[in-house]
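Here's the structure we're looking at; comments come further down.
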Amino acid sequence: MVLPIYNVLAKIDKDVIYAARDLGANEFQTFTQIIFPLSIPGIISGITMVFVPALTTFVISDLLGGSKILLIGNVIEQEFKQGSNWHTGSGLSLVLMIFIIASMAVIAKYDKNGGEGGTAF
């Protein structure tokens with residue numbers, strides 16, 4: 001999560017921040033009106049980089065947590081293998097797929113530079 005946000009923040013032109021300060025914006029206004037809107041692509045990218053693997057990775061939680069931690073991937077696997085409840089497993093898989101597609105749509109909406117970060121104008 002830190003690396004995409006850092007990448008976007010590093011590419012923000014310092015002259016934009018200096019211009020906001022010259023026009024009378026205080027530090028809070030500079031953050032809310034300049035820095036935060038320009039860092040939204042990095043935030044969205046970071047959320048997706050953390051969110052999608054957290055939803056789909058179930059082998060790592062089995063190895064590290066000893067099957068004590070249930071992720072949606074674990075539940076889907078249990079529904080198919082142990083419970084033989086194919087309808088519930090399919091429904092949960094569909095919900096997972098909708099979440100992933102929605103997150104990809106949000107990235108496509110806010111990532112105007114094709115993954116390069118930086119400013120969006």
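The values are calculated or read from the model by the stated rules, or taken from the named source; none is laboratory data. Since the structure is predicted, the reported quantities are computational estimates derived from the model, not experimental observations. Counting neighbours? That spans all protein chains shown, and the Cβs are built from the backbone with ideal geometry, glycine included.
Could you tell me whether Phe99 is surrounded by 13 or more Cβ atoms within 10 Å (Cβ to Cβ), more than 23 Å from the chain's Cα centre (by Cα), at pLDDT 80 or above and among the aromatic types (Phe, Trp, Tyr)?
The answer is no for Phe99.
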Among residues of the stretch 11-36 being touching a residue at least 60 places away in the same chain (Cβ under 8 Å) and part of a helix (DSSP H, G or I), the residue farthest from Ile76 (Cα to Cα) is Val16
Only residues in the stretch 70-94 that are at pLDDT 85 or above count as the first member; pair them with residues that are part of a helix (DSSP H, G or I) and crowded, with 17+ Cβ neighbours inside 10 Å, Cβ under 7 angstrom, at least 6 apart or cross-chain, and list the lot. none
Name, by its number, the condition in (1) touching a helix residue (DSSP H, G or I) at 6+ places or on another chain (Cβ under 6 Å); (2) aliphatic (A, V, I, L, M); (3) modelled with pLDDT of 75 or more that does not hold for Ala105. (1)
